[in-house]
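Input: a single structure, listed below in structure tokens.
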Amino acid sequence: SDVAESSGNMNSHEITENTPSWTRSITPLRFISGRSIISPETLSVSGLPTGGFSSVGTKGVLLISGKWYYEAILETAGCLQIGWADASFSGHCNSDRGDGCGDGPSSWAYDGWRRYRWHASATEWGCRWKEGDVVGCMVDMDENIISFTLNGQAEEIGMGVAFTGKGFRPCSGVYACVSFNRR
């Protein structure tokens, strides 16, 4: 399969001084559901034609305290849900049915294509994104807050705090998670 071939090639790449540092270590980005390709050189992720609504994330690296942040550069303005999943979100979602990050009670996501925040259901929120935008995803595990930025901007453009208090009660810890269509 395409996924196996992509993963199998990771060990055959020559490491040079220009090789990104993450290729010299174990990258925690993993497949959760659906079918997709994760590039070991760039960490870019793409879906496969029969992959459904694929999910990838740092499954196995649970954050239980402190403040954490990651960014994603959008290679498409299309349908994706980006955010966080807790320990109980471990691939149980049905990618062929369109389930992904934010679609159940164990994950929280932002979707700039449809302008929603997701946690079991959708609520209109945030800004529309475009190809090349940078989405920032923040979680404060001590204060139970999830926030998102778009190109470094938050409240000034209708972004910022998306989930807090009773709207963010993770089971154990959380990990970074993204779900997407092929396009």
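Each value in this text was obtained by applying a stated rule to the coordinates, not by laboratory testing. These numbers come from a predicted model, not from an experiment.
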**Report entry** Additional length obtainable on full extension of the chain from VAL134 to GLU41, 0.36 nm per residue less Cα span
**Finding:** 31.6 nm
Report summary line: Honestly segment 96-169 on the Cα gyration tensor test (a ≥ b ≥ c root eigenvalues; a/c under 1.5 rounded, otherwise a/b vs b/c for prolate or oblate) is just oblate
